[in-house]
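To start, the structure itself, in C-alpha cells.
The values are calculated or read from the model by the stated rules, or taken from the named source; none is laboratory data. None of the values given here were measured: they were computed from a predicted structure. Accessible surface areas use protein heavy atoms only, side chains included; no ligands, DNA or RNA. Shrake-Rupley method; radii C 1.70, N 1.55, O 1.52, S 1.80 Å.
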Amino acid sequence: MAQSGAHPAARSKAVPARAGAGRRAAPAPGGEPSWGRPKPPRAARGASRDEVGWVKAHGGCGATSLAELFGGVEVGARWPDPARGEPRRVVLVGRTSARGLRSVSQALGALDDGNAPQGLELLGVVLVADAPGRLPLGLLRRIRVLRSVARVHRVPWIPAWRTGGSPKSAPRQLATLARLVGAEQQGQGAAS
C-alpha cells in the first residue's frame with residue numbers, strides 16, 4: 001500500500017493493482033493532466049487549424065481568459081490534433097507558482113518526447129503571474145530553464161482580472177503577446 005508521503009508516480013502504479021484487472025484507476029487528485037498518456041481526441045469547439053489553441057498546463061492557469069482576450073480557442077489540458085481540424089499553432093499557458101512551472105515543464109517534455117500529435121507549432125509558453133510582487137529566486141531559475149527550451153512570455157499580476165474587470169491600461173506584455181498570436185486584444189478577459 002502506498003504511503004501518503006509517497007511519490008505520486010508510486011501511488012498511481014499501486015492503484016491499478018488494487019483496482020483489479022480491466023478497471024481504470026481514478027484520475028489523480030487535483031485534476032493534473034497526464035501529458036504522457038494518450039487521451040481520446042475530442043474536437044475543440046469552434047476550432048480551426050488556423051486559430052491559435054490555448055493549451056492549459058494545469059487548471060486555473062488563465063488560458064480561458066487569454067483566449068477570450070486574444071481570440072483562438074482554449075483546448076483544455078491536452079494537445080490539439082491538427083489532423084482533426086484542430087489548431088496547429090499552440091500556446092502553452094501556466095502560472096508562475098511552483099506547481100504551475102512544474103506542469104509547464106511536464107507538458108514541454110511530453111511535446112519533446114513526441115507524445116503530441118504531429119504538425120503542432122508551439123508559438124510559446126505564457127506564464128501568468130500567480131500573485132502580485134516579485135518572484136522568489138527559485139521560481140526565476142525554473143523560468144530561466146523553461147526559456148532555454150521555449151519562447152516564454154510573462155503576464156504580470158492584473159488586479160482587475162481577479163474581480164472580473166479589465167485593466168485601465170493594458171500592460172505592455174499583453175501587446176507583445178497579441179503580436180505573437182497575431183491578434184488584436186479583443187475581449188475584456190476575466191481570470192479563469
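Size descriptors for region 79-120, from the alpha-carbon set: Rg then Dmax equal 11.4, 34 Å.
For ARG95, the accessible surface of its heavy atoms amounts to roughly 40 Å² (probe 1.4 Å, protein chains only, rounded to the nearest 10).
Remark: accessible surface ordering of THR64, THR163 (largest first) is THR163, THR64, probe radius 1.4 Å. Seen through its C-alpha gyration tensor, with square-root eigenvalues sorted a ≥ b ≥ c, region 80-176 comes out oblate because a/c lies at 1.5 or above while a/b is not bigger than b/c.
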